[in-house]
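Worksheet for the structure shown next.
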Amino acid sequence: MSTIIVSCPICGGESVPKVVTERFEYKGQTLTYPNYLIHECSACGEAIVDKKCLKESGRAIRDFYRKVDGLLTASEIRQIRLRLGLSQDAASDLLGGGAKSFARYENCEVIQSVAMDNLLRLLDANPRGLGVLENKNKPQTYKVISTTMVYHTKCDKSKLVVNNG
């Protein structure tokens, strides 16, 4: 830990780095985060979280929220994607969520929707379902077959379209 003293953005006093253990609560559950770096002002007592620590703890907090809400964690999403044989970009394109969505899910920058979570669980349980999604935008081929139908004594010619795709 560096001992760089910075100015307090609130009062202009000296802010000194300090390592603490921080607790975060969500829906009655608690996450304890050790080695939480803050800059504490000796004049006004204000504590500002270190930027790098804020980013790292934010990732841990988002995975904590996922666990509490019963969603897949970042590492579980990555494991499912790899089992399906998809890159992050391919998963984003095929499953939706926007460009780079899987990179953001796996880096704990964004929490996936319940719908995306459910889709991943279904594909993990039945990877063959991926074929349905991969084929959804392929052009369909059709054949026209002539048939003759007989109703009592009347003959009626019609055409039947068959999907071969």
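Readers should treat all values here as calculations from the given coordinates under stated rules, not as data from a laboratory. Since the structure is predicted, the reported quantities are computational estimates derived from the model, not experimental observations. Positions of Cβ are backbone-derived with ideal geometry, glycine not excepted, and every protein chain shown enters the neighbour counts.
Some observations on this one:
- Sites matching trypsin sites (Lys or Arg not before Pro) across region 100-136 that sit in DSSP coil, with at most 13 neighbouring C-beta atoms within 10 Å: R128, K136
- Residue-wise HN-Hα couplings along region 93-101, as the Karplus relation 6.51 cos²θ - 1.76 cosθ + 1.60 with θ = phi - 60° gives them from phi, are 5, 6, 9, x, x, x, 4, 6, 4 Hz; Gly and Pro carry x.
- Legend: distances between Cα atoms for K27/K51; K27/K100; K27/K52; K100/K136; pairs beyond 23 Å are K27/K51; K27/K100; K27/K52.
- Building the convex hull from the alpha-carbon atoms of region 6-53 and averaging its projection over directions returns 3.8 nm².
- Look at the Cα gyration tensor of region 74-135: its axes a ≥ b ≥ c give a/c of at least 1.5 with a/b over b/c, and that counts as prolate.
- Backbone amide hydrogens, once placed in the peptide plane, bring V16 within less than 5 Å of E40, C41, S42, excluding anything fewer than 5 places away on its chain.
- Estimated vicinal HN-Hα couplings, Hz - region 71-76 in sequence order (Karplus 6.51, -1.76, 1.60; Gly, Pro = x): 9, 5, 7, 4, 5, 5
- Using only alpha-carbon positions in region 1-107, the gyration tensor eigenvalues give semi-axes of 37, 16, 11 Å once each is multiplied by 5 and square-rooted (largest first).
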